[in-house]
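K.L.:
Here it is, the structure, as structure tokens.
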Amino acid sequence: MNYLEHIGKYFMMLREVFKRPQKWKIFRETLFREIEDLGLKSLGIIMFISFFIGGVVAIQTALNVDSPFIPKYLIGFATKRTMILEFGPTFTSIILAGKVGSYIASSMGTMRVTEQIDALEVMGINSLSYLVLPKLIATLLFYPFLVLIAMLLGIIGGWVAGNLTGLFYTVDYINGIQLDFNPYYIKYALIKTVIFAFVIATIPAYHGYYVKGGSLEVGRASTQAVVWTSVVIILLNYFLTQMLLG
């Protein structure tokens, strides 16, 4: 029953997020700040992880297809499919759920326990719209861009790994990348990314906004936000894959 209560409060929170938005000038300034905090500051870790994951995928594929009867271009093909279909949208979102989700939950939880949110309400400001809506718009706009970078750097990382290890040739890798390219897979990845971005922005905001207690409870809320955001992303990934690719 407790879960149903949280689900109901979550959707009631979403209804308030889109009501009575702030003046455009204030909203624009807040939006740009959130894009920097939630997007630009996550760019480095996403680029680093994507590059080396692509290299690992390419190396492991090369080691497992070490047979004269299996064409080498399958290495590039497998790396491309892995980065576009799963690592790009799903695992990048889980990484962001840990980094960004904890930041959103802890920052909003701190505002709650220090009564800053109460002060906004006293001034007649819709605190949910003021605090959550810029975060939501920032993630929806910027995270597809992050995922595209993750896909590209993963494929490049696989190519670099092949050159460094000598496990396969560049021409075979490029042929594998070009083999059976379907633009719909990019669209599929971006659709998942937008949905995951919505989850990353709203679930941690819920946990932070409704926290009660002190600093210890803020830490617990931050942990719960990361856990539940990751769980929801994994479940949505299953259903979206069935609907979009099944």
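K.L.:
Suppose R0 equals 22 Å. What FRET efficiency, 1/(1 + (r/R0)^6) with r the Cβ-Cβ distance, do residue 23 and residue 212 give to the nearest 0.05? Mind showing how you got there, number by number?
P.N.:
Details: r = 31 Å, r/R0 = 1.41.
Here the calculated transfer efficiency is 0.10.
K.L.:
Are any of the pairs 41/187; 25/135; 41/192 more than 18 Å apart by Cα-Cα distance, and if so, which? Intermediate results must be reported in sequence, preceding the final value.
P.N.:
Numbers: 41/187 25 Å; 25/135 16 Å; 41/192 22 Å.
Exceeds cut-off: 41/187; 41/192.
K.L.:
In Å, what Kirkwood hydrodynamic radius results for region 10-150 from the alpha-carbon pair distances?
P.N.:
On the way: mean 1/r = 0.0567 Å⁻¹.
Result for region 10-150 stands at 17.6 Å.
K.L.:
Starting from the 7 Å offset along Cα-to-Cβ, what nm value, one decimal, do you get for the label separation of residue 45 and residue 120?
P.N.:
Spacing of the two 7 Å Cα→Cβ label points: 2.3 nm.
K.L.:
Another question, if that's okay. Karplus couplings for region 220-226 from phi (6.51 cos²θ - 1.76 cosθ + 1.60, θ = phi - 60°), rounded to Hz, Gly and Pro as x?
P.N.:
5, 5, 5, 5, 4, 4, 5
K.L.:
OK, next. From the phi angles alone, apply the Karplus equation (6.51, -1.76, 1.60; θ = phi - 60°) to region 24-35 and give each ³J(HN,Hα) in whole Hz, x where the residue is Gly or Pro.
P.N.:
4, 4, 5, 4, 5, 4, 5, 4, 5, 5, 5, 4
K.L.:
Helix-only estimate, please: 222 nm mean residue ellipticity of the chain, summing -39500 (n - 2.57) across DSSP H runs of length 4 or more and dividing by its residues, to the nearest 500. Spell out each step's value before the answer.
P.N.:
Working: 10 runs with 194 residues, N = 246.
Roughly -27000 deg cm²/dmol at 222 nm, from the helical runs in the chain.
K.L.:
Right, another one. Against the globular-protein guess of 2.2 N^0.38 Å, express the Cα radius of gyration of the chain as a ratio, rounded to two decimals. Don't skip to the end; give the middle numbers.
P.N.:
On the way: Rg = 20.9 Å, N = 246, 2.2 N^0.38 = 17.8 Å.
Taking N as the residue count of the chain, the ratio is 1.17.
K.L.:
Excluding residue 229 itself, calculate the net charge of residues whose Cβ lies under 14 Å from the Cβ of residue 229, where each Lys or Arg counts +1 and each Asp or Glu counts -1. If you can, show how the numbers build up before the last one.
P.N.:
Details: positive: 99, 135; negative: none.
Net local charge, residue 229 excluded: +2.
K.L.:
Per-residue counts of other Cβ atoms within 10 Å, averaged by peptide: what ranking do you get for 50-58, 163-171, highest first? Present the calculation step by step, with values, prior to reporting the outcome.
P.N.:
Values: 50-58: 22.1, 163-171: 13.6.
Per-residue Cβ counts within 10 Å, averaged per peptide and sorted highest first, yield 50-58, 163-171.
K.L.:
Another question about this same structure. Positive end of the dipole of region 23-245, charges at C-beta (+1 Lys, Arg; -1 Asp, Glu), about the Cα centre: which of 45, 107, 76 has its Cα farthest in that direction?
P.N.:
Of the candidates, 107 comes out farthest on the positive side.
K.L.:
In what sequence, highest mean first, do 7-16, 186-195 appear when ranked by Cβ atoms within 10 angstrom? Write out the running numbers ahead of the final one.
P.N.:
Values: 7-16: 12.6, 186-195: 18.7.
Answer by packing, highest mean first, reads 186-195, 7-16.
K.L.:
Say each of residue 220 and residue 9 gets a label point 7 Å from the Cα, pointing the same way as Cα to Cβ; how far apart are those two points in nm?
P.N.:
Computed distance between label sites residue 220 and residue 9 equals 1.2 nm.
FYI, it's all coordinate maths here, none of it is from the lab. For clarity, every value in this text was computed on a predicted model and none was experimentally measured. Because the Cβ atoms are built from the backbone with ideal geometry, glycine has one as well, and the counts that use them run over all protein chains shown.
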